[in-house]
Amino acid sequence: MVQLRGVRPAAGHWRAACGIIDVQRMPYFTRLILFLFCLTALVESRKPKRKRWTGQLEMPKPSHLYKKNLDVTKIRKGKPQPLLRVEDHDFSMRPAFGGPAIPVGVDVQVESLDSISEVDMDFTMTLYLRHYWKDERLAFPSTSNKSMTFDGRLVKKIWVPDVFFVHSKRSFTHDTTTDNIMLRVFPDGHVLYSMRITVTAMCNMDFSHFPLDSQTCSLELESYAYTDEDLMLYWKNGDESLKTDEKISLSQFLIHKFHTTSRLAFYSSTGWYNRLYINFTLRRHIFFFLLQTYFPATLMVMLSWVSFWIDRRAVPARVSLGITTVLTMSTIITGVNASMPRVSYIKAVDIYLWVSFVFVFLSVLEYAAVNYLTTVQERKERKLRDKFPCMCGMLHSRTMMLDGSYSESEANSLAGYPRSHILTEEERQDKIVVHLALSNESNSSRKKGLLRGHMGLRIFQNTHAIDKYSRLIFPASYIFFNLIYWSVFS
């Protein structure tokens, strides 16, 4: 009898262990015990084993009644059968090659109008560009008639329209987090191709009415390689093909409207092409320029008028005021032109600023004339005082300008003057200032006619009169200019 100490064979090996022992040579009682022992080990081996607790719940096995969805993307053994037979066709050629032109519908959704640059004369726009066409080579069998959607990886394997932006400076397709490209294929072969693009395109602007202007810009789409005989590009739903976000706004412009047009474009070397246009009209906000340009210019002009109320003998005050206003107007004109393209025609803002500059400059010239005439008058009065040192006994006097055209009787009617003070013929030819003593009221009325005849000369001689008339002429002229300006350009 074999004695096993401390070793318990595995349950599956008890049959082999029992078979090794020679049962025929054992006594009957021993054989009976061994039989019971082997039977007990066999029963223990058929009991389920207890697993050690790991802290995780065992999920129940799915029932045989649960129906698993068919995974169409699973590659089975043997030759694969793809739904889109891309490898069976040559997609370097357009659909229906050799036949009529393939129609390609287009619609656009404008996401944002990012910026308008007057200096570069361009605009930047972000949009969703979608193409619709039918390619029977991409048709696939489907019982549910559902479409299949793909990303940009399939685009490189099939034919897509070669649409580009005419007059574009920069453009790119967004690629965060992946390429923003979507391709949707329907069972009958219809294809929807969508992408998200930001494009910067040229816009021919007319600044003759700036900043009271309106600008019309266009984004043009066209096939690069296929003429109208191979590809017919059209707006899928007419004017409804263009959608815009209601929240689109610009700081300097008010967007009036978007609309679509289409026409044929001719190239002498290649032929006719279908071209689609996205047109939009922009109206500039004037309030910014009123605060930054028009109001400061108007205030500078009004400030230059203050010198008309300053005493003509206050030379530093009037000169500094005039120079300050002139330099300020020069700074405003330079600042406006720095933010504008160098166009060869006159803008509306140029007219206003330069006319304002002229008004400011004329106010400086007005004081220059006043100062010069004041100096001339003082010089003549000084000579007169040296010539007639004694002016006593003249009660009622006033100043009058004689130019040598007076009569002999008028000159000899100077009552109270000594004979030696009567002017000679040579002195009559010079323009001098004399003091006429009026003995009675009749002599005063007789001299009025002569004074009225020399009124124009007295205005230039009397410096107070120049400032007096400037206080009225300058504001009236500037107000009249503003009425004409705003009625024409607004």
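Legend: calculated FRET efficiency, Leu365 to Trp486, from the Cβ-Cβ distance at R0 = 30 Å, rounded to 0.05, equals 0.65. Placing unit charges on the Cβ atoms only, positive for Lys and Arg and negative for Asp and Glu, gives region 102-284 a dipole magnitude near 400 debye about its Cα centre.
How do the peptides 166-176, 323-333 rank, highest first, by the average count of neighbouring beta carbon atoms within 10 Å per residue?
In descending order of packing, they fall as 323-333, 166-176.
How high is the FRET efficiency between Asn204 and Ser117 when r is their beta carbon distance and R₀ equals 22 Å, given to the nearest 0.05?
The computed FRET efficiency comes out at 0.95.
Determine the sum of side-chain charges near Thr178: Lys and Arg each +1, Asp and Glu each -1, restricted to other residues whose C-beta is under 15 angstrom from that of Thr178.
Numbers: positive: Arg153, Lys156, Arg196; negative: Asp151, Asp175, Asp179.
Net of charged neighbours comes to 0.
Remark: spin-label model distance Thr177-Tyr224 equals 3.1 nm, labels positioned 7 Å along the Cα→Cβ axis. Rounded to two decimals, the Cα radius of gyration of region 129-171 over 2.2 N^0.38 Å is 1.56. Here each label is just a point 7 Å from Cα along the line to Cβ, and for Ala101 and Val306 those points are 7.0 nm apart.
Note down the net charge around His209, summing +1 for each Lys or Arg and -1 for each Asp or Glu among other residues with Cβ under 12 Å from its Cβ. For residues surrounding His209, the net value is 0.
Estimated at 0.36 nm per residue, the fully extended path between Ser214 and Tyr28 surpasses their Cα-Cα distance by 54.9 nm. When the residues Ile248, Ile346 are ordered by accessible surface, computed with a 1.4 Å probe over the protein chains alone, the sequence from largest down reads Ile346, Ile248.
Every pair of different Cα atoms in region 103-218 enters the Kirkwood calculation, which places the hydrodynamic radius at 16.5 Å.
Using the alpha-carbon positions of region 293-397, Rg (one decimal) and Dmax (whole number) come out as 21.0, 74 Å. Working from label points 7 Å from Cα in the Cα-to-Cβ sense, the His285 to Thr298 distance is 2.0 nm.
Between beta-carbons, use under 11 Å as the cut-off and find the net charge around Val163, counting Lys and Arg +1, Asp and Glu -1. My count for the surroundings of Val163 gives -1. In this structure region 250-322 gives 55 Å² per residue of accessible area when probed at 1.4 Å with all protein chains present. Extension gain, Val343 to Ser268, is 23.9 nm, computed as 0.36 nm per intervening residue step minus the present C-alpha separation. Starting from one equal scatterer on each C-alpha and no solvent at all, send me the Debye-based log10 I(q)/I(0) for region 195-345 at q = 0.11, 0.13, 0.14, 0.15 Å⁻¹, two decimals. The Debye formula, applied to the Cα set alone, gives -0.67, -0.81, -0.88, -0.95. Note on Leu472 and Gln109: the extension gain reaches 124.8 nm, defined as 0.36 nm multiplied by sequence separation minus the Cα-Cα distance.
The values are calculated or read from the model by the stated rules, or taken from the named source; none is laboratory data. Worth saying up front: this structure is predicted, and the values here are computed from it rather than measured. Every residue, glycine as well, gets a Cβ built from its backbone with ideal geometry; the counts of neighbours run over all protein chains shown. Each accessible area value is taken on the protein alone, full model and side chains, heavy atoms only, with ligands, DNA and RNA left out. Shrake-Rupley method; radii C 1.70, N 1.55, O 1.52, S 1.80 Å.
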